[in-house]
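Beneath this line is the structure, given in structure tokens, with notes to follow.
Just so you know, all these numbers are worked out from the coordinates, no wet-lab data involved. These numbers were taken from a predicted model, which means no experiment stands behind them.
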Amino acid sequence: MPEDPDELAVLEEIQQELILKEQSVIEEYERSLQFDEECLNAMLDGLDASDKVICPVCRKNNLTVRNHLVFCQCGLYITTQGMTEGKLRALLENTVTEHSHRCFHNPEFTVTSGMEEETSLLMSCPV
């Protein structure tokens, strides 16, 4: 055990940094578990309404797919061609599953404006 006060201070600082890092990892893990629980609950809720798709942006409301539109009460509004609730659900499930095979962080969804003012649903990872 070092007796030099400077060495003790450095060791204490390192210990505090390690504790903060550990707390950060635990918090991220708990957020991931909460997201998984929310997804599971949404899936269980969706068993009764198997055609419904939960909005990936707000994670609260069901998406509505009509003709050439996909929209949600939260403000998501995307023009599409030939989209059905089944196709949309499959696309969302496949992209989230593919992401989870490479990364344990939760992806985020946003609506973006692209070329010619058309909107798109963008999945991104904060990491």
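Assorted remarks:
- Relative contact order of the chain, defined on C-alpha pairs under 8 angstrom at six or more residues apart (%): 15 percent
- The C-alpha atoms of the stretch 53-124 occupy a region whose extents along the principal axes are 34, 26, 22 Å, arranged from largest to smallest.
- Correct option for Rg and Dmax of the Cα atoms in Å [calculated from the coordinates] among (i) 14.2, 44; (ii) 17.1, 45; (iii) 21.5, 76: (iii)
- Gap separating the Cα centres of the stretch 61-89 and the stretch 11-41, nearest whole Å: 35 Å
- Look at the alpha carbon pairs under 8 Å that are at least 6 residues apart: their mean separation over the length of the stretch 53-124 gives a relative contact order of 24 percent.
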